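Where a number appears in this text, it was derived from the coordinates with a stated rule and is not lab data. No experiment lies behind these values; they were computed from the predicted model shown. Positions of Cβ are generated from backbone atoms using ideal geometry, with glycine treated the same way; all protein chains shown enter the neighbour counts.
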Protein chains: 2
Amino acid sequence: MKEKATLSEKLMRGDLMEPDCPSRGVLMHVTSRWGVLVLIALETGTHRFSELRRGIGGVSERMLAQTLQQLEGDGFVRRVAYQVVPPHVEYSLTPMGLEVAEKVRSLADWIELNIERIVAREPA
Amino acid sequence: MKEKATLSEKLMRGDLMEPDCPSRGVLMHVTSRWGVLVLIALETGTHRFSELRRGIGGVSERMLAQTLQQLEGDGFVRRVAYQVVPPHVEYSLTPMGLEVAEKVRSLADWIELNIERIVAREPA
DNA sequence: TTTCATACTTACATTAATGTATGTACTTAC
DNA sequence: GTAAGTACATACATTAATGTAAGTATGAAA
């Protein structure tokens, strides 16, 4: 499926066809059900937790929190908390996050634009 | 999160921020654990079931079959079976499938290229 | 004084995804 | 005759993902 290389070379470089490649984990965070939508939402700018919660239809607080933490852990999302009450936390993309978000949105845009074409030819 | 529009307008056009938009289903097929890898593998050309099975590290027969069927159902994959024994089936991308695959690979490539940068700054 | 909003966490329940093992029908190679 | 390869389907078991509900601390508004 790709040029031959040693296992360690593949893993260092990132080879998704290898079962143990760390790329798979990152890919799963980014392409997870809510990961995609969070990245797209944050591409429009900084947002608070509750804004994201309201903007992303159907996401629960639990899932939103978890997704944001994963993306923060991968270095795609920056979290800034103000020590006030009630709590005020702002989320935004890091430069690296912006790069992935662009790729993700490109895919999402294609699907949104072509959804009628896809659904139309769907069997039952 | 996006311009205001009626619900039906959103759904027709495809609005991923809407919980009931069919785009979400397609997106999930495409970004599913094995969907991504199948699309990337097929971008290199036509492949038999067993070739994909061997090429995509860690995928089970069950999951590969299921993933291929989903992608076929969405119109991204074409399946051609020859009536011979032992069975011979070839999978390839449709023109539409090629379009999505390009987007998906673009994302995957970015992750593979940047995996070291990502992992390096990972906390624990 | 009760309610509301915020940004979570935690426990528990449920659903979805995935894996494992087995079977099939036939042919070719051993 | 026995094993292997092919492209699956199916039943069952397990794991992962997700949802629901409740709790927390505090201040401001009603």
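General remarks:
- Average beta carbon contacts from partner chains per residue of B:98-107, 10 Å cutoff: 4
- Cα long-axis angle, helix B:33-43 against chain B (0 to 90 degrees, to the nearest 10): 60
- Ranking B:19, B:37, B:113 by how far each Cα lies toward the positive end of the dipole of segment B:13-120 (charges on Cβ) leaves B:37 at the top.
- Per-copy distances of the residue A:73 label point, shortest first, in nm (7 angstrom along Cα→Cβ): 3.1
- With a cut-off of 13 Å between beta carbons, the residues surrounding residue A:27 carry a summed charge of -1, where Lys and Arg count +1 and Asp and Glu -1.
- Chain B: calculated mean residue ellipticity at 222 nm from DSSP helix runs of at least 4, using -39500 (n - 2.57): -18500 deg cm²/dmol
- Shielding by partners for peptide A:14-23, expressed as the average number of C-beta atoms from other protein chains within 10 Å of each residue's C-beta, is 6.
- Relative contact order [Cα under 8 Å, 6+ residues apart], chain A, whole percent: 22
- Packing rank of B:85-93, B:48-56, where each peptide gets the mean count of other beta carbons within 10 Å, highest leading: B:48-56, B:85-93
- In this assembly of identical copies, the label point of residue B:102 (Cα plus 7 Å along Cα-to-Cβ) is separated from its counterparts by 1.7 nm, sorted shortest first.
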